[in-house]
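The values are calculated or read from the model by the stated rules, or taken from the named source; none is laboratory data. Just so it is clear, the structure is predicted and the values come from calculations on it, not from any experiment. All Cβ positions, glycine included, derive from the backbone under ideal geometry; neighbour counts span all protein chains shown. When the accessible area is computed, the model is the full protein with side chains, heavy atoms only, and any ligands, DNA or RNA have been set aside. Shrake-Rupley method; radii C 1.70, N 1.55, O 1.52, S 1.80 Å.
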Amino acid sequence: MIQQSTRSSRFMTLERHIIEGEHLHPGATGQYSALLHGLSLAAKLVWREVSKAGLVNVLGATDRMNISGDITKKLDEFADQTIYRMMDHLGHLCVMASEENEDLLHIPDDYPTGKYVLLYDPLDGSSNIDANVTIGSIFSLYHRVTGAVKPTLADVLQTGSKQIGAGYILYGPSMMFVYCTGHGVHGFTFDPSVGEFLLSHENIRIPSRGSIYSMNEGNAMRWAPGMQRYAHWLKEVDPPTGRPYSSRYIGSLVADVHRTLLYGGIYCYPADAKNPEGKLRLMYENNPLAYLVEQAGGAATNGKERVLDVVPTSLHQHSPLFIGSVEEVRVVQEFLDGKRP
């Protein structure tokens, strides 16, 4: 006898989830859903190459350096081109921007354009590629805001609070597609036997507190005093406050934030003497991840203000990031503000 399914137990593919989300918006044209479908297909193509990276000639570096001064890896380049070519002809985007490209990525003249803007980091954590460590792609969606014949920087340089959706794809022991369009954060795990993303993490909620911190303490001597005191505080023995915390640092932002999203705790990438503006990219990394974590009940700050309120001034703007459980972000902010000795 077949039992009637409930929402939590029913068989749910990513495609079905996107369509059901579309039904929450009367008058929806299906264009936004098509964008998400396109991104999920691009993810499968990138994962196909990542999963066989040691067997084909896609490991190693190119002879090109990106706008941030990082050497571009072969898989960086492949992921960047794959996402662009998957999305440029759908007719729903007016412009794109990628962490790997200095300027805006315009839609070719022979393709139709639409009302949406896509920003993406094609392959986050690329320094770990050759070591077969978890990496990922990050994306962010906005509405077009200008009426110019050709989209301008104003269409891209919007505050993170204007995002209408964001997500990331993890290429690890299994591939996951995690996204949010304002109705909860949901995770889908790819089942290669059927070729589908299946719902595995419904309505993710980050714990309000955690016991894990993630940061590159190799930079500690260059941190501001408040950040140094905070790092020391995390390691002190104080059972009533759950200290010391456990240290977990992968070095792939998307992987570290994914773990923080599921388990709670905090991820920190502060400014330092070498990178006074921080090292992470506001538009391609901090904004989409902050959107997801806030939608899951967490918080994200640059040490001075909420990440999603930062007014961007350039396409590849750098920014510090403190993201995770609400209480953990509150505590680090107190140290940064000098309110804790």
Legend entry - Cross-chain or 6+ apart pairs with Cβ under 7 Å, the stretch 12-34 first and free of Cβ contacts under 8 Å to residues at least 60 places away in the same chain, then among the charged types (D, E, K, R) and assigned to a helix (DSSP H, G or I): 28/22; 30/22; 33/22
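Can you say whether residue 251 is modelled with pLDDT under 95 and farther than 22 Å from residue 186 by Cβ, as far as the supplied structure shows?
Working: modelled with pLDDT under 95: yes; farther than 22 Å from residue 186 by Cβ: yes.
For residue 251, the condition - modelled with pLDDT under 95 and farther than 22 Å from residue 186 by Cβ - is met.
Would you call residue 221 part of a helix (DSSP H, G or I), farther than 23 Å from residue 185 by Cα, among the hydrophobic types (A, V, I, L, M, F, W, C) and open to solvent by 40 Å² or more (accessible area, probe 1.4 Å)?
Numbers: part of a helix (DSSP H, G or I): yes; farther than 23 Å from residue 185 by Cα: yes; among the hydrophobic types (A, V, I, L, M, F, W, C): yes; open to solvent by 40 Å² or more (accessible area, probe 1.4 Å): yes.
When the stated conditions are applied, residue 221 passes them.
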Inset, instruction - Could you tell me whether residue 290 is closer than 27 Å to residue 104 by Cα and part of a strand (DSSP E or B)? - result: no
Inset, instruction - Scan the stretch 25-48 for residues that are closer than 13 Å to residue 170 by Cα and not hydrophobic (A, V, I, L, M, F, W, C) and jot them down. - result: 40, 44, 48
Legend entry - Those residues of the stretch 224-259 which are open to solvent by less than 10 Å² (accessible area, probe 1.4 Å), assigned to a helix (DSSP H, G or I) and hydroxyl-bearing (Ser, Thr, Tyr), in sequence order: 230
Inset, instruction - Among the residues of the stretch 105-127, write down those that are under 16 Å from residue 144 (Cβ atoms), open to solvent by 10 Å² or more (accessible area, probe 1.4 Å) and of a type outside the set (Val, Ile, Thr). - result: 105, 106, 111, 112, 114, 115, 116
Legend entry - Matching residues in the stretch 26-50 - criterion: being out of contact with any Ser or Thr (no Cβ under 6 Å at 6 or more places or on another chain), under 19 Å from residue 140 (Cα atoms) and among the small types (Gly, Ala, Ser): 30, 33, 34, 38, 40, 43
Legend entry - Pair list, Cβ < 7 Å and 6+ apart or interchain, from the stretch 235-263 residues that are within 23 Å of residue 321 (Cβ to Cβ) to residues that are open to solvent by 70 Å² or more (accessible area, probe 1.4 Å) and assigned to a helix (DSSP H, G or I): 244/235; 251/127
Legend entry - Considering residues of the stretch 301-341 that are aliphatic (A, V, I, L, M) and not in a helix (DSSP H, G or I) only, the residue surrounded by the most Cβ atoms within 10 Å (Cβ to Cβ): 323
Legend entry - Residue match in the stretch 186-199 (condition: within 18 Å of residue 298 (Cα to Cα) and either within 16 Å of the chain's Cα centre (by Cα) or modelled with pLDDT under 95 (or both)): yes
Inset, instruction - Looking only at the stretch 130-145, decide whether some residue is acidic (Asp, Glu) and over 19 Å from residue 40 (Cβ atoms). - result: yes
Inset, instruction - Output the residues belonging to the stretch 85-104 that are open to solvent by 50 Å² or more (accessible area, probe 1.4 Å) and without any contact (Cβ under 8 Å) to a residue 40 or more places away in the chain. - result: 85, 89
Inset, instruction - Assess whether residue 210 counts as being buried (at least 18 other Cβ atoms within 10 Å of the Cβ) and in a loop (DSSP other than H, G, I, E, B). - result: yes
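Can residue 130 be described as crowded, with 23+ Cβ neighbours inside 10 Å and at pLDDT below 95? Outline the logic, then answer.
Details: crowded, with 23+ Cβ neighbours inside 10 Å: no; at pLDDT below 95: yes.
The answer is no for residue 130.
Take residue 287 and decide whether it is polar (S, T, N, Q), surrounded by fewer than 21 Cβ atoms within 10 Å (Cβ to Cβ) and under 21 Å from residue 319 (Cβ atoms). Show your work before the answer.
Numbers: polar (S, T, N, Q): yes; surrounded by fewer than 21 Cβ atoms within 10 Å (Cβ to Cβ): no; under 21 Å from residue 319 (Cβ atoms): yes.
Taking the combined requirement at face value, the residue does not satisfy it.
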Legend entry - Breaking point among (1) closer than 18 Å to residue 141 by Cα; (2) touching a helix residue (DSSP H, G or I) at 6+ places or on another chain (Cβ under 7 Å), for residue 314: (2)
